[in-house]
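Report on the following structure.
Nothing in this text is a laboratory measurement; each read-out follows from the coordinates by a stated rule. In this text, all values refer to a predicted model and were calculated from it rather than measured experimentally. Virtual Cβ from ideal backbone geometry, glycine too; neighbours counted across all protein chains shown.
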Amino acid sequence: MVKKHSITILKIAVTGAVIVFLIHRLGWREILSVMTTAKPQWLLSALGVFLLSSLIGVVQWRLLLANRKIPLPFGRACRLYLIGMFFNNFILGGIVGDVLKVASIKSRDGKGKAGLAATFLDRFAGLWAMCGFAVVGSIILLVRHGELNDGKVDTAMIALSATFLLFAGIIVFLVNKPLQQIFFRLLDLLPFAGKIRIREIITEMLFEVHDLHILGKVGTLSTVIQLMRIGVHLLCAHALGLLNAGNFHYFFIFVPVIAMLMTLPLPFGVREAAGGTLFALAGFPEGAAYVMGFLASLVGIAASFLGGLFYITDRTFLKEQT
């Protein structure tokens, strides 16, 4: 309990330090000046796009759950998904919300490993789609600006491509029996007790031949969902008058980086500051770049409050966690 409170206090302290640093660096006047230029109709549009992407996310998660023999009704799946999003985006960050979803499935349905597998695949599919968008955005950047001979850009492109191929390799492993057999043989040779549990969890994540049609559906849904999440950032940029035909591709590169940071339990403000720094380095006005990052996060937080409301009012869910 003491450790938990210490971590929470540390996160609050880091968030405060980041905000104070940005205020000192940019100044209140510039921050307020940028914020007053934001057009509310575009921010509301961003909120609507985020909520719609979340509903499509529920469809994808239910599809993966059904494939693991967990037929959740749409209402319950939606409730759990939004509660998970609330904890991921607002309270603790990282994957805490995913843990809560799996805990509920284990408590009520008795299929914790299957729920974990479906939830992992749901998160993995999103990261893989984001990585694909980052590669596409990088190609557009290289072609448009003719920077193929720039060593730094080449290195970044290689890193993105390697990550994308790594994720592709994991997908091949999930469906390829010979690779799975080799992996499990190597796992059996390792001298540690937890390998049996690891084997059980990974086995739950594997796809059989008759399940392969799921990959196409999940891939399509993930692409749409992550494109809409990038669209949230584009709309926030447009609300501040930052978006134009010459810089849109940066969103396809930087938003996936921010999304990958979202999987880490970082305090509020760290990811936003990192995203603002990336956009500022790309030539966006510094003050507007940081404000844009925080606005995009606030849109996600606003959408997440619906999950918070479910968590507070849904006594059934609360009982499942006690």
**OP:** Using only the Cα atoms of segment 82-131, each taken as one equal point scatterer with no solvent, compute I(q) by the Debye sum, divide by I(0), and report log10 of the ratio at q = 0.15, 0.16, 0.20, 0.31 Å⁻¹.
**Re:** -0.40, -0.46, -0.68, -1.09
**OP:** Can you check what the net charge comes to around residue 254, using other residues whose Cβ is under 13 Å from the Cβ of residue 254 (Lys, Arg +1; Asp, Glu -1)?
**Re:** +1
Original post:
Which of rounded, prolate, oblate describes segment 192-267, given a ≥ b ≥ c as roots of the alpha-carbon gyration tensor eigenvalues and a/c under 1.5 marking rounded, otherwise prolate only if a/b is larger than b/c?
Top reply: oblate
Original post:
Put a dot 7 Å past each Cα toward the Cβ at residue 170 and residue 298; how far apart are the dots in nm?
Top reply: 3.3
Original post:
So, counting K/R as plus one and D/E as minus one, what does the shell of residues with Cβ under 11 Å around residue 183 add up to?
Top reply: +2
Original post:
How large is ³J(HN,Hα) for each residue in segment 227-235, as worked out from phi by the Karplus curve 6.51 cos²θ - 1.76 cosθ + 1.60 (θ = phi - 60°), to whole Hz, x for Gly and Pro?
Top reply: 5, 5, 5, 5, x, 4, 5, 4, 5
Original post:
Per-residue HN-Hα couplings for segment 297-303, Karplus 6.51 cos²θ - 1.76 cosθ + 1.60 at θ = phi - 60°, whole Hz, x for Gly and Pro?
Top reply: 5, 5, 4, x, 5, 4, 5
